[in-house]
Amino acid sequence: MSVGVAGSLSPVRDADLRALVASIFRASGSESGEASTVADHLVDANLAGHDSHGVIRVSKYVEWHARDMVLANRHAVVISETASHALCDGQFGYGQVIAREAMTFAITKARGAGVCAMAIRNAGHLGRIGAWAEQAADAGLASVHFVNTSGFGMLVAPHGGSDRRLSANPIAAGAPAPHGSALILDMSTSAIAEGKIQVALNRGETLPENSTIDAAGRPNRDPATFYGPPVGALLPVGGHKGYGLSVFCEILAGALTGGGSTHPQNPTAGRLVNNMLSIVFDPDAFCGKDAFAADIARLASWVKASPPATPNAEVLLPGEVERRTRAQRLRDGIPLDAPTRESIAASARSLGVALPAGFAS
């Protein structure tokens, strides 16, 4: 494998990347199952085209673990529950493990009660939130998810403001769709995810317009200027509309779960803590799964039949871009820029993990 310059991309087979990343987390203290769960989630994010939530996070996770900001081998602990709700505490463990366990529990409850509101507090970084909507959709259920951080992840200026006050606060939703696919919404309430800024920095790219501001509140397209010093801020997506959604992520994921909304004086603000409220629905308890599936199929066909505004283009449904990207990257490999490769390699070396030949210089 050639390494190349900062902006160049060299592909890596997903199986090779899974094995390497899992070995890094095992060496850092995770049990084998946890290491594989975290590695699979990160690589799956790359396969879906969400490089901002993929293996670019490995070195940061390793650093957080070394500083006891995320704790290995923790599990979701049920604090309270009824037939249709549960509150789980993540004990500051890896969010990929905590969320998968909590969503498995929520799916079981939704099948029994028709609906389940699952609240998670005090989890490590939950990764790509669309994965949890996919987990529910794969089980034949619909879901919606609201996420915040408790203070460490302040990145976003409120609408009309000029400094960091809110988290990126993603929202996801999912539903099973015809032919075994799923409709998946996976979005940040900020105009761009912070991880995508890191990707742009690594690749020597500029940022989209109207996505970030500098420390003086002026429009900015330079990734380095966002990171400072002095630091800039993300803007909400869609102006006041995204800002409103972000505030309710703080309320539903932060205040309601007990994990707390974004604030520098939150007791957990010294570590990256995610909180999530997920509501999972069993269509059988509402309109019936067959009627649900038929109506989604009709909706999908109706929407996709719209004449494309651009010649030779097509109307895509939520989740279709990710499915196509996944198929392409499974075939051709996952493109990794040189800085991401080197950051992974540095983590591996620090833990005594052998690198595949040619992975990094």
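The values are calculated or read from the model by the stated rules, or taken from the named source; none is laboratory data. Note that this is a predicted model, so its numbers are computed, not measured. Please note: Cβ atoms are built from the backbone with ideal geometry, for glycine as well, and neighbour counts cover all protein chains shown.
With respect to the conditions (1) exposed (fewer than 14 other Cβ atoms within 10 Å of the Cβ); (2) farther than 30 Å from Asp295 by Cα, Val199 lacks only one, and its number is (1).
Restricting attention to the stretch 89-131, and to residues there that are closer than 29 Å to Phe286 by Cβ and free of Cβ contacts under 8 Å to residues at least 60 places away in the same chain, which single residue is surrounded by the most Cβ atoms within 10 Å (Cβ to Cβ)? Among them, the one singled out is Ile98. Can you confirm whether the stretch 12-21 contains a residue that is under 26 Å from Phe152 (Cβ atoms) and modelled with pLDDT of 95 or more? Among the residues of the stretch 12-21, at least one is under 26 Å from Phe152 (Cβ atoms) and modelled with pLDDT of 95 or more, which makes the answer yes.
Checked across the stretch 148-164, the condition of being crowded, with 20+ Cβ neighbours inside 10 Å, in contact with a helix residue (DSSP H, G or I) (Cβ under 6 Å, 6 or more places away or on another chain) and either within 21 Å of Pro267 (Cα to Cα) or modelled with pLDDT under 95 (or both) holds for at least one residue. You will find that of Ser52, Ser80, Ser30, the residue that is in a strand (DSSP E or B) and of a type in the set (Gly, Ala, Ser) is Ser80 and no other. Here Phe292, Phe248 are screened, and the one residue that is of a type in the set (Phe, Trp, Tyr) and farther than 30 Å from Gly160 by Cα is Phe292. Residues considered: Gly54, Gly33, Gly49. Of these, the only one that is farther than 23 Å from Ala168 by Cα, at pLDDT 95 or above and outside the structural domain of Trp132 (by TED's automatic domain parsing) is Gly33.
Does Leu272 count as buried (at least 18 other Cβ atoms within 10 Å of the Cβ), under 30 Å from Ser10 (Cβ atoms) and in the same structural domain as Phe152 (by TED's automatic domain parsing)? Yes, satisfied.
For the stretch 189-205, residues that are closer than 17 Å to Gly228 by Cβ and part of a loop (DSSP other than H, G, I, E, B) total 1. Restricting the stretch 217-247 to residues that are hydrophobic (A, V, I, L, M, F, W, C), assigned to a helix (DSSP H, G or I) and within 22 Å of the chain's Cα centre (by Cα), the residue that is surrounded by the most Cβ atoms within 10 Å (Cβ to Cβ) is Phe226. Only one entry of Pro307, Pro339, Pro356 meets the criterion of being surrounded by 18 or more Cβ atoms within 10 Å (Cβ to Cβ) and out of contact with any Gly (no Cβ under 6 Å at 6 or more places or on another chain), and that entry is Pro339.
Total residues in the stretch 304-319 satisfying the condition of being out of contact with any Lys or Arg (no Cβ under 9 Å at 6 or more places or on another chain) and touching a residue at least 40 places away in the same chain (Cβ under 8 Å): the figure is 2.
Going by the structure shown, is Gln96 more than 17 Å from Val273 (Cβ to Cβ) and either of a type in the set (S, T, N, Q) or at pLDDT below 95 (or both)? Here the answer is no, as Gln96 does not meet what is asked. Within the stretch 63-82, the set of residues being surrounded by fewer than 22 Cβ atoms within 10 Å (Cβ to Cβ), more than 18 Å from Glu194 (Cα to Cα) and of a type in the set (A, V, I, L, M, F, W, C) comprises Ala66, Met69, Leu71, Ala72, Val77, Val78, Ile79.
Please work out which residue is farthest from Gln96 (Cα to Cα), limiting yourself to the stretch 9-39 and to residues that are in contact (Cβ under 8 Å) with a residue 40 or more places away in the chain and of a type in the set (D, E, K, R). Step by step, filter the stretch 9-39, then rank; the result is Arg13.
Does Ala72 meet the test of being free of Cβ contacts under 8 Å to residues at least 40 places away in the same chain and either out of contact with any helix residue (DSSP H, G or I) (no Cβ under 8 Å at 6 or more places or on another chain) or within 29 Å of Ser30 (Cβ to Cβ) (or both)? When the stated conditions are applied, Ala72 does not pass them. Of all positions in the stretch 90-109, none carries a residue that is in the same structural domain as Asn148 (by TED's automatic domain parsing), among the aliphatic types (A, V, I, L, M) and either part of a loop (DSSP other than H, G, I, E, B) or farther than 18 Å from Ala131 by Cβ (or both). Taking the stretch 153-209 as the range and being touching a Leu at 6+ places or on another chain (Cβ under 7 Å) and small (Gly, Ala, Ser) as the test, the residues that pass are Gly153, Ala157, Ser167, Ala168, Ala172, Ala173, Gly174, Ala175, Ala177, Ser190, Ala191, Ala200. When every residue of the stretch 258-273 is checked against the conditions, none turns out to be among the hydroxyl-bearing types (Ser, Thr, Tyr) and not in a loop (DSSP other than H, G, I, E, B). Taken residue by residue, the stretch 162-185 has no member that is of a type in the set (Asp, Glu), outside any strand (DSSP E or B) and under 16 Å from Glu322 (Cα atoms).
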